[in-house]
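This report refers to the structure that appears directly beneath it.
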Amino acid sequence: MTTLTKTRISSIDLLRGIIMVIMALDHTRDFFHNQAMLDDPLNVATTTPVLYLTRWITHLCAPTFVFLSGVSIWLQSKRKTKSELSRFLVTRGLWLVLMDLTVITFGTTSNYQFDFFVIQTLWAIGISMFIMGFMIKLPLRAVLAIGLLIVLGHNSLDFVEARNNNLPFLWHLMHQQGAFHLWGNHQLFIFYPFLPWSGLMMLGYCCGTIFTRYAEKERSRMLLWIGVGLIAFFALLRFTNAYGDPLHWSAQRNTLYSFLSFMNVQKYPPSLLYMCATIAPGLIFLSFVKNTSGAVSRFFIVFGRVPMFYYVLHFYTLAIVSDTIFFLRGHTLEQGLKGIDGFPYKFIVAGEGFSLGIVYLIWVALIIAIYPLCKWYDRYKTAHPEKWWLSYL
């Protein structure tokens, strides 16, 4: 066994940075692809392999980030007292929820009227952190047991949802998407029900022990076997179509599209099989990565060290460019505020946009454009450890 040093674990920053760059691809597609508001890229009846892969690879992002957030909480527990860490998790969790309702809702929808609130990724992470603020006071085995119960068992709620279309608001917050009236013409859309995400963060917290209790060689072997085991578990359970995901797969027109159907698992909320398929690659990656000192690694690590700053910056950059293009096409402010029926997004016209190739070019340009700012902010945070408020950004 080994003990944790005072330094950050760079392989975790590297993985976090990679998935955040991948995440930006999906958001770029949402803003700029000409089919983004017309069809589901995972619809095997209409998609293409390239479009499907463009969407599916971004499935890795949210669960890996939530899982690594749990790992980071464990690592912080080696540097802070339980009361210090609990207070930080509760306050930062509530801060993230507020950010999601305001800053991110505006950045993703460009809704200047603020009559439609969306709770999505930051909400799920924030409420999970809030819960972890109390969970860390329990014995590790209790956290592991509760996390496993949620992750392994939450899909049993699918059977209730399939038979009941009138579930209460709190149920939707925990496990089912839904739109709800608030006041006047204001609405709330629950995009990320939080219960499975909270369970996943608990398991990440427990997995953090692998990084502090075992030497590198043994740690790598454990991460590899856990990752391989998750893939095997996913394949066997998915094949049965019996449990673990409400979206059943079926034979399609050829082997490739049958495989695409097999891999089309539910993200909202994340099913057991979705979590298995998306967490496994990250664990396997961490088992193999040894050297993080190269130029490519350093590039991605910058993003991994400033995730909140990056998250807000990339959304607002995409929104500003998208809104500018909207007006350059000759649309009016009135048309922009009308938006698309059934969607909360403003200043977007369904069917307008660019080909997938152009979307990839915009994505690359986005990452290159915001890298200097992220690097500056990383250096600023490192140079000012006394500024406690930077840990919230």
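Computed values, structure above
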quantity	calculated
Value of Rg/Rh across region 1-116 [Cα atoms, Kirkwood radius]	1.07
Two-site label geometry, residue 90 and residue 46: point separation in nm, points 7 Å out along Cα→Cβ	4.8 nm
Percentage relative contact order, the chain, counting C-alpha pairs under 8 Å, at least six apart	27 percent
Residue-span extension gain [residue 255 to residue 170] - 0.36 nm each, minus C-alpha spacing	26.5 nm
Extended-chain gain in nm, criterion 0.36 nm per residue less alpha-carbon gap, residue 98 and residue 142	12.9 nm
Highest-MSF residue in the chain out of 306, 21, 364 [GNM, Cα springs under 10 Å]	364
Residue with peak Gaussian network fluctuation, the chain [Cα springs, cutoff 10 Å], from 176, 335, 35	335
Sites residue 324 and residue 371 - FRET efficiency at Förster radius 22 Å, r taken between beta-carbons, to 0.05	0.55
Residue of 165, 291, 264 that the Gaussian network model of the chain assigns the largest fluctuation, springs spanning Cα pairs under 10 Å	165
Calculated Rg and Dmax of the chain using C-alpha coordinates, Å	20.9, 64
Sites residue 240 and residue 354, calculated FRET efficiency, Cβ-Cβ separation with R0 45 Å, nearest 0.05	0.65
Local electrostatic count, residue 381, Cβ distance below 9 Å [Lys/Arg +1, Asp/Glu -1]	+2
Helix-only [θ]222 nm of the chain, DSSP H runs n ≥ 4, -39500 (n - 2.57) each, per residue, nearest 500	-20500 deg cm²/dmol
Kirkwood Rh, angstrom, region 261-341 [1 / mean 1/r, Cα pairs]	17.1 Å
Computed magnitude of the charge dipole of the chain (debye, nearest 20; Cβ of K, R +1, Cβ of D, E -1)	1680 debye
Using a Förster distance of 56 Å, the FRET efficiency for residue 338-residue 225 (Cβ separation, nearest 0.05)	0.55
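Coordinate-derived values only; no laboratory data. Every value quoted in this text rests on a predicted model; they were computed, and no experiment measured them. When we count neighbours, we look across all protein chains shown, and the Cβ atoms used for this are built from the backbone with ideal geometry, even at glycine.
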